[in-house]
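Notes follow the structure.
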Amino acid sequence: MAKKLVGSMKLQVPAGQANPSPPVGPALGQRGINIMEFCKAFNAKTADLEPGAPCPTVITYYQDKSFTMDIKTPPASYFLKKAAKVKSGATTPSRETVGTVTSAQIREIAEAKMKDLNANDIDGAMLIIMGSARSMGIEVV
Amino acid sequence: MITYTAITTLPRKSQAEALAEAMERLVPEPTGIGVFEIEDGSGLWEVGGYFVDKPDEGALALLTTVFDAKEFVVSEVPETDWVAHVRRELSPVQAGRFFVYGSHDADKVPDDVVPLLIEAAMAFGTGHHGTTLGCLKALDWLIGEGFSAQKIADIGCGTAVLAMAAARIWPETVLASDIDRVAVDVAVANLRANKMDGNVACVEAAGFDHDDLRDAAPYDLIFANILKGPLIALAPDVEKHLRTGGYAILSGILNEQAADVRAVYARSGINLAHSEVIGDWTTLILRKMA
């Protein structure tokens, strides 16, 4: 059918746990987008992910209030904090190390993030994840 | 729970998208960022951030300078029943005898209408847009003219609202197709919700490019609510698969594009019988002459 795009938004939505509370409720509600249909579809699509993992989700909506969603993998920082068992990254990463991760964990994260990374192969993806680790004060051992 | 929004406007989409990307790095970080076209003819784009913690107004001011945006307006978003709010906006749509409604309005269906249950979800065709509304009104007009159809195709079906509307009147099997797999899945769910999965068959296909669609031709009625370009590209196939005396209901055409589409179909002997204009959109009802 004839789709006229009106806008798009990117929300951090917890896997399997979308509900009408912020940010989903106000972001979609203020645009008149069917919140319950979004939550139902999002929760079904993320049912196999770890519950609560933050998923950046791009929602594009059209003039008749229909919408599409593109669910990305959780951010690298989420995976790294989990692997290093830390709550947050370093405030001064160049001078402070808050935790460590192994190369095997970096590979696992790279594999999980591969579809959303601008990398040709797993080695390139691992380099990107190692860069993220450094910027958070997490050392790769 | 009180949350916050920070909203600004910019003149260009590319600028708005760049600002939205920069906002992702704010501390406290936004839980959501949106880029929206302001539909008032101004050509402006709105960028809005949603925050659980009050945003840093100094950082926002810096962004307005860097991206040449208007000053951010930071507001508290009071706790609201957003589901109820949306349901009020997604009101039922009536087009002639057809009544399109979401499940939240199931108790509002009048007795003397043809009901169509469609949730506003991941496929186009909720009845809230001038193109879908135009097609339903066009179908209503055809029925009023005494037209009757046995073979019907809905090309680019979206939610399958048009296929279902036709099948409610003429309960022979209607064939529907969409190029988008998600739309086909939504259409199939809608058919079940309306208990019409025995009346409408839906396949994933570009135009008529599917054996089921080709084998069932010629059709008495073809719907195609797509856009001007694809409609023009589809003209030879419509001519091939429409029986003489049959009708095509075409939509997704801006008012200023209608003459071009009409001219292309007229060259194939498919001529204007009637049209519906709703807002910026024209729906053409064309008839294939002998």
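The rows are residues; the columns are (1) charged (D, E, K, R); (2) more than 9 Å from every other protein chain (Cβ to nearest Cβ); (3) under 24 Å from residue B:207 (Cβ atoms).
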position	(1), (2), (3)
B:107	yes, yes, no
B:134	no, yes, yes
B:140	yes, yes, no
B:151	yes, yes, yes
B:168	yes, yes, no
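Residues in region B:90-137 that are surrounded by fewer than 20 Cβ atoms within 10 Å (Cβ to Cβ), closer than 26 Å to residue B:182 by Cβ and either touching a His at 6+ places or on another chain (Cβ under 9 Å) or among the basic types (Lys, Arg) (or both): B:91 alone. Considering only residues in region A:88-116 that are among the basic types (Lys, Arg) and touching a helix residue (DSSP H, G or I) at 6+ places or on another chain (Cβ under 7 Å), the one that is modelled with the lowest pLDDT turns out to be A:113. Under 7 Å by Cβ, and 6 or more places apart or on different chains, what pairs join a residue from region B:255-278 that is touching a residue at least 24 places away in the same chain (Cβ under 8 Å) and closer than 14 Å to residue B:238 by Cβ with one that is surrounded by 18 or more Cβ atoms within 10 Å (Cβ to Cβ) and of a type in the set (Gly, Ala, Ser)? Cβ pairs passing all conditions: B:264/B:235; B:265/B:235; B:268/B:235; B:270/B:248. Quickly run through region B:12-52 and pick out the residues that are in a loop (DSSP other than H, G, I, E, B) and among the polar types (S, T, N, Q). Matches in region B:12-52: B:31, B:42.
The set of residues in region A:18-61 being aliphatic (A, V, I, L, M), surrounded by fewer than 17 Cβ atoms within 10 Å (Cβ to Cβ) and more than 16 Å from the chain's Cα centre (by Cα) consists of A:44 alone. Only one of the listed residues (B:192, B:287) is charged (D, E, K, R) and assigned to a strand (DSSP E or B). That residue is B:287. Quick check: anything in region A:10-17 under 28 Å from residue B:79 (Cβ atoms), crowded, with 18+ Cβ neighbours inside 10 Å, at the interface with chain B (Cβ under 9 Å from one of its Cβ atoms) and of a type in the set (A, V, I, L, M)? Checking region A:10-17: at least one residue is under 28 Å from residue B:79 (Cβ atoms), crowded, with 18+ Cβ neighbours inside 10 Å, at the interface with chain B (Cβ under 9 Å from one of its Cβ atoms) and of a type in the set (A, V, I, L, M).
Counting the residues of region B:138-166 that are crowded, with 24+ Cβ neighbours inside 10 Å and either closer than 18 Å to residue A:64 by Cα or touching a strand residue (DSSP E or B) at 6+ places or on another chain (Cβ under 6 Å) (or both) gives 16.
Within region B:60-105, the set of residues being within 14 Å of chain A (Cβ to nearest Cβ), among the acidic types (Asp, Glu) and touching a residue at least 40 places away in the same chain (Cβ under 8 Å) comprises B:76, B:79. Is it true that residue A:35 is within 9 Å of another protein chain (Cβ to nearest Cβ) and in contact with a Pro (Cβ under 7 Å, 6 or more places away or on another chain)? Considered against the rule, which asks whether it is within 9 Å of another protein chain (Cβ to nearest Cβ) and in contact with a Pro (Cβ under 7 Å, 6 or more places away or on another chain), residue A:35 comes out as yes. Which members of region B:30-51 meet the condition of being out of contact with any Asp or Glu (no Cβ under 9 Å at 6 or more places or on another chain), at negative phi and surrounded by fewer than 20 Cβ atoms within 10 Å (Cβ to Cβ)? B:39, B:40, B:42, listed by residue number. Among the residues making up region A:117-134, those that are modelled with pLDDT of 90 or more and not hydrophobic (A, V, I, L, M, F, W, C) are A:120, A:121, A:123, A:124, A:131, A:132, A:134.
The values are calculated or read from the model by the stated rules, or taken from the named source; none is laboratory data. None of these values were measured; they are calculated from a predicted model. Glycine also receives a Cβ, built like all others from the backbone with ideal geometry; neighbour counts cover every protein chain displayed.
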